[in-house]
Amino acid sequence: EWSYALLDSGEQRLFRYVSVFAGGSTFEAAEDVCGADPDTLQSLLDKSLVRRRDTEIGPRYWMLETIREYAIERLDESPEAQDVRHRHAQFFLALAEEAEPNLTGPDGVQWVNRLTHDHDNIRATLRWSVQSNEAEVGLRLAGAVWRFWHQRAHFREARAWFNELLSLPSAAGASAARAKGLTGLGGIAYWQGDYPAAESAYEEALAIQRDVGEDGDVTEAMLNLSYMPALRGDVPASLRLYEEVIERLERIGDTEKASYVKAMLGYGLMMEGDVTAARPLIEESFNLAMQSGDAFMTAGAYQMMGQLERLS
């Protein structure tokens, strides 16, 4: 408190504001959320109220937890607290949605590492969403990072977040955000081996997308659901869904994803014993995966080709 009283008004304001970050932040985040400028931030560093450490993604600024607790108290008693927390939530929602399409691409490792550094900030945003009944922010964020949770094996934590967010009063209506959350829940449940829960989540997501989504959203929801019948023994039902999804993807011009679904169609045909029909479909997808630089897609392609060669 004595140190805080010695700060000028700009330093006090930034000291309060940066406490909103859990586990620290980049300068970009501090600038966007808190209006940080290099000189004021350096002054707090010089006074040991903020610390800096270098990481593989650049410098991060953080506080000792006891100092941060004091700063949070000062923030919470100020009229700007709600606005700062809202800006924090919007920043990490934007980061998550930027990361989402890259988590399984050629830059996937870098993006997973980026989110790992800010996992505590993601958690803080989700907790704010729950406490503020801001379901749209929370569901969009959780839906964007479910692949990160999958790749870092945060299954139980992810499942708990989805259950909590989907139970919020503001999550009750049929909306794109609810469909996003249900899709993430379905993905986590799938990788936990809870196929009934995954199928239920995917079915509700598809029903919502048929009401509020664009053609691509409906097709994506159908693709997620298409895996489920085979997992409960009804391979022909999955094959019919794969064929419909392929037709829709080709109609909207997404040939890369169509090729991936063709591999799933080929895998289903192989499960039904028709290796001859399966081979060109799986080989087409395998060749595309080898050119993609996507480790996730490449691993799946090798697995399918290995099964194909084993049965040939």
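The values are calculated or read from the model by the stated rules, or taken from the named source; none is laboratory data. These numbers come from a predicted model, not from an experiment. Cβ: placed from backbone, ideal geometry, glycine included. Neighbour counts: every protein chain shown. These area figures cover heavy atoms from the full protein model, side chains too; ligands, DNA and RNA do not enter into them. Shrake-Rupley method; radii C 1.70, N 1.55, O 1.52, S 1.80 Å.
Quick check for you: which residues of the stretch 147-172 have the amide N under 17 Å from the point 7 Å beyond the Cα of SER200 toward its beta carbon? Inside the label zone: 159-168, 172.
Could you work out what % of the accessible surface of the chain is carbon and sulfur, using a 1.4 angstrom probe and leaving DNA, RNA and ligands out of the count? All intermediate terms of the calculation are to be shown ahead of the outcome.
Working: 7320 of 14890 Å².
With neighbouring chains kept in place, the figure for the chain is 49 percent.
Would you compute the Debye intensity of the stretch 261-312 from its alpha-carbon atoms alone, equal scatterers and no solvent, and pass along log10 I(q)/I(0) at q = 0.18, 0.23, 0.30 Å⁻¹ to two decimals? For the stretch 261-312 at q = 0.18, 0.23, 0.30 Å⁻¹, log10 I(q)/I(0) is -0.47, -0.74, -1.14. P(r) for the stretch 4-46, from all Cα pairs and a bin width of 10 Å, is 30, 60, 10 %, short bins first. Spatially, the stretch 86-148 and the stretch 8-54 are offset by 21 Å when compared through their Cα centroids.
Structural descriptor for the stretch 115-238: relative contact order 20 percent, calculated from alpha carbon pairs under 8 angstrom and at least 6 residues apart.
Using only Cα coordinates, the Kirkwood hydrodynamic radius of the chain works out to 21.6 Å.
Just to be sure I follow: if Rg is taken over the C-alpha atoms of the stretch 25-122 and Rh is the Kirkwood radius over the same atoms, what is Rg/Rh?
0.99
Regarding the stretch 120-271, what whole-number volume in Å³ per residue does the convex hull of its Cα atoms give? Write down the numbers at each step before the final one.
On the way: hull volume 16.5 nm³, N = 152.
Expressed per residue, the convex hull around the Cα atoms of the stretch 120-271 is 108 Å³.
Largest accessible area first, the listed residues TRP111, TRP149 line up as TRP111, TRP149 when surface is computed with a 1.4 Å probe on the assembled protein chains. Translational diffusion coefficient of the stretch 81-140 (Stokes-Einstein, Kirkwood radius from Cα pairs, 20 °C, 1.002 mPa s): 180 µm²/s.
Working ranking of peptides 263-273, 43-53, 186-196 by packing, defined as the average number of other Cβ atoms within 10 Å per residue, highest first, is 263-273, 186-196, 43-53. Using 0.36 nm per residue and subtracting the Cα-Cα separation, the extra length available between THR55 and ALA5 on full extension is 14.8 nm.
What accessible area per residue, rounded to a whole number of Å², is obtained for the stretch 1-152 using a probe radius of 1.4 Å? Spell out each step's value before the answer.
On the way: 7160 Å² over 152 residues.
Ligands and nucleic acids excluded, the figure is 47 Å² per residue.
Reported to the nearest whole Å, the Cα centre-to-centre distance from the stretch 244-276 to the stretch 164-208 is 24. Projected onto its three principal axes, the C-alpha set of the stretch 58-104 covers 41, 24, 13 Å, listed from the longest axis down. Note on the stretch 102-199: Cα-Cα pairs beyond 18 Å make up 44% of the total pair count. Per residue, the solvent-accessible area of the stretch 160-258 (1.4 Å probe, heavy atoms of protein chains only, all protein chains present) comes to 45 Å². Of the listed residues ARG147, ARG251, the order by accessible area with a 1.4 Å probe, largest first, is ARG251, ARG147.
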